[in-house]
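The values are calculated or read from the model by the stated rules, or taken from the named source; none is laboratory data. Note that the coordinates shown come from a computational prediction; the quantities given were computed from them, not determined experimentally. Glycine also receives a Cβ, built like all others from the backbone with ideal geometry; neighbour counts cover every protein chain displayed. For accessibility, only protein heavy atoms count, side chains too; no ligands or nucleic acids. Shrake-Rupley method; radii C 1.70, N 1.55, O 1.52, S 1.80 Å.
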Amino acid sequence: MERAEAYGFSGAMSGAFLLSCLLFAAVSRRQRGPYMDEVFHVPQAQAYCQGRFLQWDPMITTLPGLYLLSVGVVKPAAWLLGWTGSVVCSVGMLRFINLLFSAGNFYLLYLLLFKIHQKNKAVSGFQRILSALTLAMFPTLYFFTFLYYTDPGSVFFTLFSYLMCLYGNHKTSALLGFCGFMFRQTNIVWTVFCAGNVVAEKLNEAWKTELQKKKDEKISSRKGSFSDLTRVLQFLVEYLLSPKNLVTLTALTWPYIILVSLFFVFVFLNGGIVVGDRSSHEACLHFPQLFYFLSFTVFFSFPHLLTPTKIRKFLLSLRKHPVQYSLITVISLFLIWKFTYVHKYLLADNRHYTFYVWRKVFQRHELVKYLLVPFYIFAGWSFADTLKSKSIFWILMYFVCLLAVTVPQKLLEFRYFILPFLIYRLNIPFLSLYRQLLELAFYILVNAVTFYLFLNRTFQWENSDEVQRFMW
């Protein structure tokens, strides 16, 4: 990092942290007590603070990573500063843990952007700082910086694990992946993703060697064709069936293999992934979740995905491959018809934005969910098109992980899209400075509206005296 870039990054990070502290003070003044899921998380953390580690709220569905780390930070800080009484492990103190995670996420995002795009000399230090700031302000993640939720910590350990993987520190990466798993069980998918990075790199090397033997160097230009995909899948099967190759890959990924094996032991002993209330967290094949994620990504990455050039390229692709797109349309319609699920929380809880998205869009008419298929197809094409700089094996690996982390979820919840979105966004090419600034301005606007609604547009339910607030 050059000196000017280091100063610029320090200034951006300090400014973002100061802004977050001001927002943190405003949120803490308006909402002093636990809100939403905090009514489960805060008492559980406070029980741990008091040494009652065997106490467990059965409504909590995640492992105790957040509470253990909170105690590990708050208790030593309280001892050093001489704090006693209710201030130790208070709601505000526990929420502040996520403010620290937010600063850590900013730093990790910058380091990941630097590592992933280090070969692109056209990217300036200012662009890296701007992109890191933009992703640190990503609205769905940034909002939960100010509440005691698992999301900021879950993202921190997953991004840290990914960074260590890219630097080849796989034992450290697996250990950090375990920490991420302790915050949210589905983070095991991103441990598989880290292992998949190693496998994809080896596969890509072998694939290039195979092409060179055949004197065919058109890997990038043919990546999108169906025949090329067939060849790639055939090569993939042959490569993975070789005992020598399997031994090599196992030697490279054994820390991840151990962690994934421990995950399966946990699932067997626990009788499932969820540790608490399972009645509202049943796994299912909810394939439209992929369509919702693509729509979510288009909304938050419109400077990348909704450009006139991309629309023209999509229409040209549509004209060239009508049979393929017709088949994709039929499959999409079938998946929506047979695999659409509506969780009871989605219909009942009017505090979440998803409630209004579902009511204002999908519940307008039975046919709306089918009429959106053309948009889903464009979103999917544009999404894949922005990843074309990555190897075909990386793309296949990412899409497998994306399906694994979204499809089994019955509830439409934007928080579940945070990590797959960030990993996607980290790996796509940099835009022009104008489009980067447009993206940052859009995020700031969405955050401003979100915090205004949360702080000022309160309401009450008929059967409750508690103040309700709008949130993600």
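Observations on the model:
- Residues being outside any helix (DSSP H, G or I), out of contact with any Pro (no Cβ under 8 Å at 6 or more places or on another chain) and under 28 Å from PHE430 (Cα atoms) - total across segment 368-401: 4
- Per the conditions (1) open to solvent by less than 60 Å² (accessible area, probe 1.4 Å); (2) part of a helix (DSSP H, G or I); (3) touching a helix residue (DSSP H, G or I) at 6+ places or on another chain (Cβ under 9 Å), the sole criterion not satisfied by ALA25 is (3).
- The one condition in (1) assigned to a helix (DSSP H, G or I); (2) in contact with a helix residue (DSSP H, G or I) (Cβ under 9 Å, 6 or more places away or on another chain) that LEU327 fails to fulfil: (2)
- First in segment 115-136 and on the phi > 0 side of the Ramachandran plot, second anywhere and assigned to a loop (DSSP other than H, G, I, E, B) and surrounded by fewer than 22 Cβ atoms within 10 Å (Cβ to Cβ), Cβ under 9 Å, 6 or more apart: none
- Condition met for THR309 (modelled with pLDDT under 95 and part of a helix (DSSP H, G or I)): yes
- Filter result for PHE296 (under 21 Å from the mean Cα position of the chain (by Cα) and buried (at least 17 other Cβ atoms within 10 Å of the Cβ)): yes
- Residue within segment 349-357 that is among the basic types (Lys, Arg), at negative phi and touching a strand residue (DSSP E or B) at 6+ places or on another chain (Cβ under 6 Å) present: yes
- Put simply, of LEU269, LEU262, LEU249, LEU236 the only residue that is more than 27 Å from TRP207 (Cα to Cα) and modelled with pLDDT under 95 is LEU269.
- Check on LYS320, more than 20 Å from ALA404 (Cα to Cα) and either aromatic (Phe, Trp, Tyr) or touching an Asp or Glu at 6+ places or on another chain (Cβ under 7 Å) (or both): no
- Evaluating TRP472 against the criteria (1) among the hydrophobic types (A, V, I, L, M, F, W, C); (2) open to solvent by 60 Å² or more (accessible area, probe 1.4 Å); (3) within 15 Å of the chain's Cα centre (by Cα) leaves one unmet condition, (2).
- Residue-level analysis places LEU113 among those that are part of a helix (DSSP H, G or I), farther than 26 Å from PHE24 by Cα and under 19 Å from the mean Cα position of the chain (by Cα).
- Those residues of segment 116-138 which are over 30 Å from TYR48 (Cβ atoms) and assigned to a helix (DSSP H, G or I), in sequence order: ILE116, GLY125, PHE126, GLN127, ARG128, ILE129, LEU130, SER131, ALA132, LEU133, THR134, LEU135
- Count of residues meeting criterion [under 24 Å from the mean Cα position of the chain (by Cα) and open to solvent by less than 40 Å² (accessible area, probe 1.4 Å)] in segment 1-22: 4
- Scanning segment 416-471 for residues that are assigned to a helix (DSSP H, G or I), modelled with pLDDT under 95 and among the basic types (Lys, Arg) turns up just one, ARG435.
- Test result for GLU210, modelled with pLDDT of 85 or more, acidic (Asp, Glu) and part of a helix (DSSP H, G or I): no
- Of all residues making up segment 124-140, the number that are open to solvent by 10 Å² or more (accessible area, probe 1.4 Å) and touching a helix residue (DSSP H, G or I) at 6+ places or on another chain (Cβ under 7 Å): 9
- Whichever residue in segment 149-198 is without any contact (Cβ under 8 Å) to a residue 24 or more places away in the chain and not in a helix (DSSP H, G or I) and, among such residues, is least open to solvent (accessible area, probe 1.4 Å): GLY168
- Taken over segment 421-447, the residue count meeting the criterion of being in contact (Cβ under 8 Å) with a residue 24 or more places away in the chain and open to solvent by 60 Å² or more (accessible area, probe 1.4 Å) is 5.
- Restricting attention to segment 352-374, the residues being in contact with a Ser or Thr (Cβ under 7 Å, 6 or more places away or on another chain) and either free of Cβ contacts under 8 Å to residues at least 12 places away in the same chain or open to solvent by 40 Å² or more (accessible area, probe 1.4 Å) (or both) number 1.
- Residues that are touching a helix residue (DSSP H, G or I) at 6+ places or on another chain (Cβ under 6 Å), assigned to a helix (DSSP H, G or I) and open to solvent by 40 Å² or more (accessible area, probe 1.4 Å) do occur in segment 402-414, at least one of them.
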